[in-house]
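Chemist: Pasting a structure below so you can have a look.
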Number of protein chains: 2
Amino acid sequence: MSEIRKNSLLGVPRTSQPSKAALTRAAIMDAGQEFLLARPFRELTVGGLMKLTGHSRPTFYLYFNDLHGLMEALLDEVKVGIVEGARPWLSNEGDAVEELQSSLSALVNVGYEQGAILKAVSDAAPGDERLEQVWQAFIGSFDEVVAARIAMDQAVGITPQFDPLPVARALNRMDAAILIHAFGTRDKGDKGDVLSAIRRVWLATLYPFDAEAVINGVRDREEQK
Amino acid sequence: MSEIRKNSLLGVPRTSQPSKAALTRAAIMDAGQEFLLARPFRELTVGGLMKLTGHSRPTFYLYFNDLHGLMEALLDEVKVGIVEGARPWLSNEGDAVEELQSSLSALVNVGYEQGAILKAVSDAAPGDERLEQVWQAFIGSFDEVVAARIAMDQAVGITPQFDPLPVARALNRMDAAILIHAFGTRDKGDKGDVLSAIRRVWLATLYPFDAEAVINGVRDREEQK
DNA sequence: CTGGATTTCTGACACGATGTCGGCAAAAGT
DNA sequence: ACTTTTGCCGACATCGTGTCAGAAATCCAG
């Protein structure tokens with residue numbers, strides 16, 4: 001399950017074994033991930049978690065400050081996947097509408113895969129000042145880039161004139177909330193419904209002049225890949 | 001501070017004193033509310049809370065099952081204010097665009113006032129199964145009514161055709177998230193910015209044919225009262 | 001190998017918050 | 001005044017946390 005994680009600490013020369021410590025750390029993260037796939041964060045306990053790894057409870061504190069530290073580490077893993085998918089529309093070129101759609105589609109896919117972790121982090125965040133800030137910063141980090149892209153499209157005239165940042169904030173919070181809501185629990189919602197909904201909202205807000213997209217509703221080309 | 005709360009348990013005949021128990025309960029809720037105006041939920045503790053009331057810690061458990069029970073009670077108080085303000089647009093008649101705007105405006109106002117409590121409940125929710133469900137049900141309760149209104153406007157032809165429920169969900173989550181984000185902490189965001197943003201998104205999504213509203217952006221009539 | 005240094009782990013402890021229970025005190029009823 | 005009801009609290013057991021001193025495993029030079 002974590003071939004990725006094993007080698008993910010520094011580009012070790014070639015066949016240098018990952019230190020035992022790194023393995024243990026990875027094992028803890030794996031156990032946490034697995035646990036959170038099945039149970040909510042509030043039921044996660046250091047003792048219970050470490051029982052899954054076969055190590056003793058104090059060992060946990062050798063690698064993380066506390067459960068929130070673990071969540072922060074898990075979030076870091078998910079981060080990359082998200083920024084990855086969101087890229088096309090952000091680094092603009094080509095058709096804005098097309099690119100936004102593919103970005104949203106990618107976002108929904110990542111959300112679908114990582115929904116449990118995202119919900120777990122979002123659940124854990126309010127319990128710890130530091131994690132709360134990290135989480136807010138993560139969500140917020142998209143606000144400026146989205147706002148920037150909006151400003152650009154406004155300059156080109158394909159987006160109506162309005163203060164970009166608050167709207168960017170609103171749209172981003174919507175995405176986060178809807179993804180966590182739809183895909184955060186074991187019985188996930190319908191990917192198509194979610195994508196259609198947020199696509200409609202984004203397009204209507206940002207590209208209302210593209211009547212095809214908004215009024216006719218972008219029929220079903222671009223099933224999520 | 002809680003003249004309302006004092007009399008809020010049954011319509012007592014006339015001048016019957018509120019029972020001592022009711023007073024104590026109200027005092028606890030007041031203390032909680034006050035605390036949460038200044039500090040986050042994670043710092044709320046039964047002991048600390050009861051010190052504010054002058055009563056002993058066990059007394060708390062005479063009136064609430066636990067801190068999450070208290071949060072549920074506080075949420076109930078806020079509920080009414082919210083459904084109140086949201087009413088105009090939901091019970092449709094008159095201009096849809098106008099009414100939606102006034103509903104959103106009212107919503108932003110309530111959010112501004114009760115932001116701290118809303119954030120506290122939202123923070124507390126993931127820590128308790130029951131509260132989580134109550135909170136989800138509260139947010140979700142608007143999904144169906146909004147969806148119903150959308151379906152109505154679609155029938156009339158002022159709203160494009162699409163599956164109403166997922167879009168309603170998305171818009172509602174956006175509202176909740178943005179209100180909590182903007183008004184949940186002591187240094188609240190700008191009411192005007194928030195209102196403009198969500199108004200733009202709602203209008204663009206639901207009433208894209210109203211070019212005045214959407215494209216020109218509803219200039220500043222209706223400053224929040 | 002092998003004894004010493006380094007890395008990795010753990011048993012045992014102290015602490016803080018929770019929720020409960022039996023009984024005390026204050027108020028109300030007669 | 002005295003009994004009943006109502007409202008309250010001291011004391012306890014429990015659970016999860018985070019730390020620390022030292023044990024065990026691993027590595028490595030001689």
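Chemist: Once both axes come from the Cα atoms, what is the angle between helix A:20-38 and the longest principal axis of chain A, in degrees from 0 to 90, rounded to 10?
Modeler: Here the helix axis deviates by roughly 60 degrees.
Chemist: 5 Å is the cut-off here: which amide hydrogens, built 1.01 Å from N in the peptide plane, fall below it relative to A:D95, excluding neighbours closer than 5 in sequence?
Modeler: none
Chemist: Can you count the Lys pairs in chain A whose Cα atoms are under 19 Å apart, with each pair 8 or more apart or on different chains?
Modeler: Total qualifying Lys-Lys pairs in chain A comes to 8.
Chemist: Springs between alpha-carbon pairs under 10 angstrom, Gaussian network model over chain B: which of B:D76, B:D123, B:D95 fluctuates most?
Modeler: Answer for the Gaussian network model of chain B: B:D95.
Chemist: Distances in nm, one decimal, shortest first, from A:I158 to the same residue in every other copy, taking the label point 7 angstrom along Cα→Cβ.
Modeler: Result, one decimal in nm: 3.1.
Chemist: Please report, for A:D66, the nm distances (one decimal) from its label point, 7 Å out from Cα along the beta-carbon direction, to the equivalent points in the remaining copies, shortest first.
Modeler: Counterpart label points of A:D66 in the remaining copies fall at 1.7 nm.
Chemist: Would you tally the net charge around A:V167, using a Cβ to Cβ cut-off of less than 15 Å, leaving A:V167 out, and scoring K and R as +1, D and E as -1?
Modeler: Net charge around A:V167: -3.
Chemist: May I pose another question? Using the Karplus equation 6.51 cos²θ - 1.76 cosθ + 1.60 (θ = phi - 60°), what ³J(HN,Hα) coupling, rounded to whole Hz, does each residue of segment A:121-136 give in order, writing x for Gly and Pro?
Modeler: Here the 3J(HN,Hα) series is 5, 4, 5, 6, 3, x, x, 8, 3, 4, 4, 4, 5, 4, 5, 4 Hz.
Chemist: A further question on this structure: Nearest 10 degrees, 0 to 90: what angle lies between the long axis of helix B:164-183 and the longest principal axis of chain B (Cα atoms)?
Modeler: 50
Chemist: 5 Å is the cut-off here: which amide hydrogens, built 1.01 Å from N in the peptide plane, fall below it relative to B:G189, excluding neighbours closer than 5 in sequence?
Modeler: B:F183
Chemist: Can I ask one more? Compute the long axis of helix A:191-206 from its Cα atoms, compare it with the longest principal axis of the Cα atoms of chain A, and write down the angle in degrees, 0 to 90, nearest 10.
Modeler: Tilt of helix A:191-206: around 50 degrees.
Chemist: Counting only other chains, what is the mean number of Cβ atoms within 10 angstrom of the Cβ of each residue in peptide B:161-168?
Modeler: Partner-chain Cβ atoms within 10 Å, mean over residues of B:161-168: 5.
Chemist: Given only helices, namely DSSP H runs of n ≥ 4 each adding -39500 (n - 2.57), what is the per-residue ellipticity at 222 nm of chain A, to the nearest 500 deg cm²/dmol?
Modeler: Taken over chain A, the calculation gives -23000 deg cm²/dmol.
Chemist: With the label 7 angstrom out along Cα to Cβ, how close does A:E129 come to the same site in each of the other copies, in nm, nearest first?
Modeler: 3.3
Every number in this text was worked out from the coordinates using simple rules, so none of it is lab data. Owing to the predicted nature of the structure, the values given are computational and were not obtained by experimental measurement. Glycine gets a Cβ as well: all are built from the backbone with ideal geometry, and neighbour counts include every protein chain shown.
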